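For reference, the structure is listed below as structure tokens.
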Amino acid sequence: MIQSKMRFQMRKVAIIQARMQSTRLPGKVLKTLGGRTVLSHVVNRVQAARHIDDVVVATSDLDADDAIEQMCALKGWKCVRGSEQDVLSRYALAAKTSKADIVVRVTSDCPLFSPKILDAMLDAFDPENMDYMSTNFPTRSFPVGLDCEIMRVQSLLKAAKEATSDHDREHVTPYLYTNPNLFSAHGFACEQQLENIRITLDTAQDYENLVGIFKNFPQVSDPDSEVIGIAKAYFKTR
């Protein structure tokens, strides 16, 4: 009971990393799906999670990402800007700025992000005994595009202080799950092996598929919709 109360009182902040420059699909976060930008879908879906106290968009300090900051201002979303390549330092800055106790990492290329999965993960995450939890650890089982990571802020800040490789700093969390002597990392698995389903946005083909999903299953715009069932139904006909 004490543990549950402590977890309830901890400030849980979702930090969504976003940038305009993408090698395969530039400007993808501001592309539209179902009448909204991709970034709007991601933010709205994260905000729909019952256990989240705050949401922050973390973008880079490049001029190209002024458009993201402007959208955040227009929508009333909190925005933090930092290094483009050192994304770990950007997350640490956003975590400190938002006074987070528990950090949720979300990427802006997941327009069908599931708040239900996030809430279930937060229910399972024990900050007394866990440093890190991921849908992709030790292997992926959810569809690509339903990725989610949770970590204690102290663990994130320790990684930001100690990680030295470019890979660790660009990808934010590898230092947490590749150092079992330092951190307790745990997975959160899907009930089925669905890692071959792709509902992320990284390529022109991804965008075409997402447009098709929104067209054929408009109910997917609702954050409470059964995303996995919809994705399975869509790709079954492809």
Extension gain, D222 back to E162 (0.36 nm per residue minus Cα-Cα distance, nm):
17.6 nm
Using a simple spin-label model with points 7 Å from Cα along the Cα→Cβ vector, what separation in nm is obtained for R50 and R36?
2.0 nm
So what are region 176-217's ellipsoid semi-axes, whole angstrom, largest first, if each one is the square root of 5 times an eigenvalue of the alpha-carbon gyration tensor?
33, 14, 8
Exposure proxy check: Y177, Y91, Y132, Y207 ranked by fewest other beta carbons within 10 Å?
Y207, Y177, Y132, Y91
Using Cβ-Cβ distances only, list the Cys residues of the chain with no partner cysteine under 4.7 Å, sorted by number.
C110, C148, C190
Roughly how many debye, to the nearest 20, is the charge dipole of region 2-236 about its Cα centre, given +1 on each Lys and Arg Cβ, -1 on each Asp and Glu Cβ, and no other charges?
420 debye
With x for Gly and Pro, the residue-by-residue ³J(HN,Hα) of region 149-164, computed from phi through the Karplus equation 6.51 cos²θ - 1.76 cosθ + 1.60 at θ = phi - 60° and given in whole Hz, is 10, 10, 8, 5, 5, 4, 5, 4, 5, 5, 4, 5, 7, 9, 5, 10
For region 113-171 the mean separation of alpha carbon contacts under 8 Å (6+ apart) over residue count, i.e. relative contact order in percent, is 31 percent
Under Stokes-Einstein, with the Kirkwood radius over Cα pairs standing in for Rh, what whole-number D in µm²/s applies to region 19-153 at 20 °C and 1.002 mPa s?
138 µm²/s
Could you list, bin by bin from short to long, the percent of Cα-Cα pairs of region 2-236 in 5 Å steps?
1, 7, 15, 19, 21, 18, 12, 6, 2, 0
Quick check for you: which residues of region 52-92 have the amide N under 20 Å from the point 7 Å beyond the Cα of Q9 toward its beta carbon?
52-54
Could you pull out the longest piece of the chain with no exposed loop GluC sites (Glu not before Pro) in it, calling a site exposed if DSSP puts it outside H, G, I, E, B and it has at most 11 other Cβ atoms within 10 Å?
1-127
Would you calculate the separation in nanometres between label points at A120 and Q70, each defined as 7 Å from the Cα along the Cα-to-beta-carbon direction?
4.0 nm
At 0.692 mPa s and 37 °C, Stokes diffusion of region 153-238 via Kirkwood alpha-carbon radius, µm² per second:
205 µm²/s
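Since every read-out is calculated from the coordinates, none of them should be taken as a lab result. Note that the coordinates shown come from a computational prediction; the quantities given were computed from them, not determined experimentally. Note that each Cβ is placed from the backbone with ideal geometry, even for glycine, and that neighbours are counted across all protein chains shown.
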